[in-house]
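As structure tokens, the structure follows; a few thoughts come after it.
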Amino acid sequence: MNISVDNAIILTAGFGSRFVPFTYETPKGLLRVKGEPMVERQVRQLHEAGVTDITLVVGYLREKFEYLVDKYGVELVLNPEYAVKNNFVSVYYVRERLKNTYILVADNWFEDNIFNATESHSWIGVSYFEGPTDEWGVTMGEDGRIERIDTFGEDTWALNGPGFFTAEFSRRFAQFIEDAYEADGTDDWYWEHIIKENIAKENTPNLEIYANKFGADRVFEFENLEQLRIYDESYRNASGNAIMQEIAGEFGVAEGELVDIAPLKEGVSNDSFTFRVEGGTQRYVFRKPGIGTDKLINRRNEKKIYELLEPLGISDEVVYFDAESGNRITKFWDGVRVSDPFDDADLELSMRLVRSVHDKKIIVDNAFDMPKMIEYYKGLCAGVGAVRFDDFDSVLKDVGELIEFRKRLAVPEVLCNGDFLYANVLIFEGGGSRLIDWEFGGMADPIMDVAMYGIFSCFGRERLELSLRFYLGREPKREELARLYLYTALGGFLWMLWAEYKQALGQEFGDYPSTMYQYMKDYFRLLNEGGFLE
């Protein structure tokens, strides 16, 4: 039976973290392979097969795909949750477009055109992998129907990229994807999870899909930079990427000698990855300032702070810092973990660590001036129409009252981290700890750092106050509690503005701005009702 292909859907919303630093500026689907962007090649091949109804599900750097609308007449659909959920959600947002449909992912490269104007049944692409593989292995019947999908395999046929759904399959698949979207524990699912979890269930006769066997030389799914380098030699020593050139120049090596490149997950203000120079064992961390931080952070001040901290052995070991761009390279330590804010021992260690820095009473030229920063961020947000809360003007008046209260405190200031995130506390297996990432460092009330740790960890009042007790080593005085609540409120408002601005520039933060905004309202109310502001 020949079934006319109605359309194609290409999933291209994700960041592509395994291809840093190339994906800092270019979405993974638009990376060029042998001179041609991967997504554009798919679109062109679809057109050659007569399939012209093409939808791209976009998210990260979505504006980069706009040229394909004019060039090929594709339609773009936004997945607003691309930063917090895996790619099954991209299919959810176009589920009503599923008919007799090719479903594709942006990081596939087809050596020759695999598409047709007609298909005979639902299928999903598989390739044979010798030895152990992390790809999802399949069990097939004699007729090629897939009976089971496993999340690992060895010497097996395994999933490898493209698929085709008939209209009947699409109808049932759309229902399953709606169910998955509403279920708990599915945020990290791929679209193939829908098939894997439902294919072997009873009473699902219409969820029938077959293996389409592709040779390994026809369909390529690039999992990381090393695989791409093997296929396209230009990525080895002449990639044209400025960051790769910057690192290679600093170490005096060719780009191809920068290996084991892997992203770091923690942190939302920096884009970071680890790497190693071929022939050496030391791993390094490259940190690139996040989007919009050129307007938020003075990198020269940051560099000076690192120079002051270096002989104290309490922070990152910096091997390269460019004060113009803010790019920096630090040593990566093995045998370390980040602090767990909900483990009392880790929390106490974190508070003692930051207290030890404060007690050194380091003086720097710049301040972590929350009122000034709030005013500046507020202006940035206004310039891009970022803030979206209906009661913003009312809350802004409350912020003004807190700022006046802060002026009356007149607390001596010392060097504070400002970005005292639990992931910035590194704990060594053999003992010892470090407080890293000082881009927001400056003079401030030391209790401000305690409040920052708390709101970044989404603490409630009880655990926030426990943090202060650990920091002080005793029960806090009423005035110290007032300072804790004050900086929790102002910090919430500050980071809400920060996140709203960056979100307006294209970096997604999910519920983070709302969570921060609520800290401002809750702790202003606590200060007001407790008589602290009188």
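The values are calculated or read from the model by the stated rules, or taken from the named source; none is laboratory data. All values reported here derive from a predicted model rather than from experimental measurement. No Cβ is skipped: glycine too gets one built from the backbone with ideal geometry, and neighbour counts run over all protein chains shown. Heavy atoms of the whole protein, side chains included, go into the accessibility calculation; ligands, DNA and RNA do not. Shrake-Rupley method; radii C 1.70, N 1.55, O 1.52, S 1.80 Å.
Going 7 Å from the Cα of A262 in the Cα-to-Cβ direction, what parts of region 228-248 have a backbone nitrogen less than 19 Å from that spot?
Only 228-229 fall inside the zone, counting backbone N under 19 Å.
Bins of 5 Å, beginning at zero and ending with the bin holding the largest distance: percent of Cα pairs per bin for region 248-406, please.
Over region 248-406, the share of Cα pairs per 5 Å bin runs 2, 6, 11, 14, 16, 17, 13, 11, 6, 2, 2, 0 percent.
Mind checking which lysines have their Cα closer than 20 Å to the Cα of K477? Skip sequence neighbours fewer than 8 apart in that chain.
K407
Carbon-plus-sulfur fraction of the accessible area of region 35-166, 1.4 Å probe, in percent?
Result for region 35-166: 44 percent of the exposed heavy-atom area is carbon or sulfur.
Protein chains only, probe 1.4 Å: how do Y485, Y210 rank by accessible area, largest first? Display every interim value, and only then the final one.
Working: Y485 0, Y210 40 Å².
The ranking, largest first, comes out as Y210, Y485.
Taking a cut-off of 13 Å between Cα atoms, list the aspartates and glutamates near K361, but don't count ones fewer than 8 places away on the same chain.
Partners within reach: E413, D445.
Can you compute the modelled spin-label distance between T274 and E111, with each label point 7 Å from Cα toward Cβ, in nm?
3.4 nm
Taking all protein chains together and a probe of 1.4 Å, list T52, T23 from the most accessible to the least accessible.
My answer, sorted largest first, is T52, T23.
Can you list the residues, at least 5 places off or on another chain, whose amide H is less than 5 Å from the amide H of S272, using H built in the peptide plane?
Counting only residues 5 or more places away or on other chains, the set is L264, K288.
Subtract the Cα-Cα distance of N528 and L396 from 0.36 nm times their separation in residues, and report this length gain in nm to one decimal.
Extra length available between N528 and L396 comes to 46.0 nm.
Express in Å², to the nearest 10, the accessible area of Y67 obtained by rolling a 1.4 Å probe over the protein heavy atoms while all chains stay in place.
Counting only protein heavy atoms, the figure is 80 Å².
Label N366 and D511 with points 7 Å out from Cα along Cα→Cβ: what is the distance between them in nm?
In this crude label model, N366 to D511 measures out at 3.3 nm.
In whole Hz, what ³J(HN,Hα) sequence does region 456-461 give by Karplus (6.51, -1.76, 1.60; θ = phi - 60°), x for Gly and Pro?
5, 8, 6, 5, x, 4
Report the calculated FRET efficiency for R469 and E154 (r = Cβ-Cβ distance, R0 = 56 Å), to the nearest 0.05.
Calculated transfer efficiency: 0.60.
Probe of 1.4 angstrom, ligands and nucleic acids ignored: what's the accessible area per residue over the chain, in square angstrom?
For the chain, the solvent-accessible area averages 43 Å² per residue.
Run the reach check for K64 against lysines, Cα to Cα strictly under 18 Å, same-chain hits fewer than 8 apart removed. What comes back?
K64 reaches K28, K502.
Using a 1.4 angstrom probe on the protein heavy atoms only, line up R525, R44, R408 by accessible area, largest first.
I get R408, R525, R44, largest accessible area first.
Residue by residue, what Karplus-based ³J(HN,Hα) values in Hz, rounded to whole numbers, does region 485-490 have, using 6.51, -1.76 and 1.60 with θ = phi - 60° and x for Gly and Pro?
Working through the residues one at a time gives 5, 4, 6, 5, 5, 5 Hz.
For V319, list long-range residues whose amide hydrogen, built 1.01 Å from N in the peptide plane, is under 5 Å from its own amide hydrogen.
I329, T330, K331
Output wanted: per-residue J couplings in Hz (rounded whole) for region 158-166, from phi through Karplus 6.51 cos²θ - 1.76 cosθ + 1.60, θ = phi - 60°, x for Gly and Pro.
Each residue of region 158-166 in turn: 9, 4, 8, x, x, x, 9, 10, 6 Hz.
Dividing the alpha-carbon Rg of region 39-129 by 2.2 N^0.38 Å yields what?
Rg over 2.2 N^0.38 Å, computed on Cα atoms: 1.12.
Share of antiparallel DSSP beta bridges in region 108-261, in percent to the nearest 5?
Values: 16 of 20 bridges.
Once the DSSP bridges in region 108-261 are tallied, antiparallel ones form about 80 percent.
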